[in-house]
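So the structure is just underneath, and the comments pick up after that.
The values are calculated or read from the model by the stated rules, or taken from the named source; none is laboratory data. All of these numbers come straight from a predicted model, not from anything done at the bench. Quick reminder, even Gly has a Cβ in these numbers, built from the backbone with ideal geometry, and neighbours come from all protein chains shown. Protein only, heavy atoms only, side chains kept; ligands, DNA and RNA dropped before computing areas. Shrake-Rupley method; radii C 1.70, N 1.55, O 1.52, S 1.80 Å.
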Amino acid sequence: MRLLIAEDDPELRRQLREALEAAHYAVDCAPDGEEAAFLGETEPYDAVVLDLGLPRRDGLSVLRGWRGQGRTMPVLILTARGTWQEKVEGMDAGADDYLAKPFRMEELLARLRALIRRAGGQAAAELTCGPVSLDTRTGRVSVSGRPVTLTAHELRVLSYLMHHRGRVVSRTELTEHVYAQDFDRDSNTIEVFIGRLRRKLGVDVIHTERGLGYRLDAAP
Ligand code: CA
């Protein structure tokens with residue numbers, strides 16, 4: 001799962017990056033509206049945290065631009081305290097949720113989890129596929145109740161497949177959602193992660209669709 005943070009306050013941006021990386025997301029950051037608009041137009045994000053008060057181009061205009069181009073990723077806007085007009089304008093411009101500053105990081109994380117789940121058509125915080133379950137709140141994975149320890153990259157691969165269960169996901173798509181922008185990407189490593197995941201899970205839920213990609217499903 002890969003996120004974009006658009007926030008001009010360096011300290012808050014650092015805190016957001018740290019918290020989201022600790023929650024196992026791949027994270028890109030934009031310090032202004034121009035950069036945010038460009039990244040959101042060109043990179044596939046699973047969710048975006050968008051400050052409305054951004055230099056060079058304001059957040060509302062960035063958001064309207066994305067929606068006008070048919071970009072549908074979930075967007076959570078950060079608004080100044082007590083300005084209900086901003087929230088209303090933001091939701092009308094296509095935001096999926098909002099938080100007023102200052103906010104608790106735990107609340108931001110919970111709202112992002114909910115947005116990402118809903119975008120994948122899932123309502124519960126615990127995702128399951130046959131005997132495999134993933135608690136999106138803690139990142140814990142278990143098979144028939146037995147805990148399985150995964151690396152951050154393995155967890156991102158599994159999490160993306162769990163959120164898109166039953167659908168064929170290409171290696172390119174997985175690569176784009178597992179690595180941050182500045183990471184040296186290699187789609188061959190996805191195969192390695194898949195191999196390790198299969199061994200660690202020990203159950204046959206990740207199916208290879210020849211020439212197309214992978215599909216997570218309890219049934220073959
Ligand atoms: Ca700001």
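Shown in residue order for region 74-84 are the 3J(HN,Hα) couplings computed by the Karplus curve 6.51 cos²θ - 1.76 cosθ + 1.60 at θ = phi - 60°: x, 10, 9, 9, 9, 10, 6, 4, x, 9, 5 Hz (x for Gly and Pro). Applied to region 135-142, the Karplus parametrisation 6.51 cos²θ - 1.76 cosθ + 1.60 on θ = phi - 60° returns per-residue 3J(HN,Hα) values of 8, 5, 6, 10, x, 7, 10, 9 Hz, with x for Gly and Pro. Per-residue SASA remark: His153, around 40 Å² accessible (1.4 Å probe; ligands, DNA and RNA not included).
Rounded to the nearest 10 degrees, the angle from helix 33-42 to the longest Cα principal axis of the chain is 30 degrees.
Backbone amide hydrogens, once placed in the peptide plane, bring Val75 within less than 5 Å of Val48, Asp96, Asp97, excluding anything fewer than 5 places away on its chain. Using the Cβ-Cβ distance between Ser61 and Glu209 with R0 set to 41 Å, the FRET efficiency from 1/(1 + (r/R0)^6) comes to roughly 0.50.
Counting Lys and Arg as +1 and Asp and Glu as -1, what is the net charge of the other residues whose Cβ lies under 14 Å from the Cβ of Val192? So the surrounding residues net to +4.
Any idea of the accessible area per residue across the chain, 1.4 Å probe, to the nearest Å²? Before the final figure, lay out each step's value.
Working: 10340 Å² over 220 residues.
Per-residue value: 47 Å².
In the chain, carbon and sulfur make up what percent of the accessible area (probe 1.4 Å)?
For the chain, the apolar C and S fraction of the accessible surface comes to 48 percent.
Here's how it looks for Cys29: its modeled amide H is under 5 Å from those of Ile5, which are all 5 or more places away or on a different chain.
In whole percent, what relative contact order does the chain give with Cα contacts below 8 Å and a gap of six or more residues?
Values: 381 pairs, mean separation 37.7, N = 220.
Normalised by residue count, the contact order of the chain is 17 percent.
Over all Cα atoms in the chain, the spread is summed up by Rg and Dmax: 17.7, 53 Å. Taking amide H as placed 1.01 Å from N in the peptide plane, the amide H of Arg140 sits under 5 Å from that of Asp135, each at least 5 places away or on another chain.
Against the chain, whose longest principal axis comes from its Cα atoms, helix 10-22 is set at around 20 degrees.
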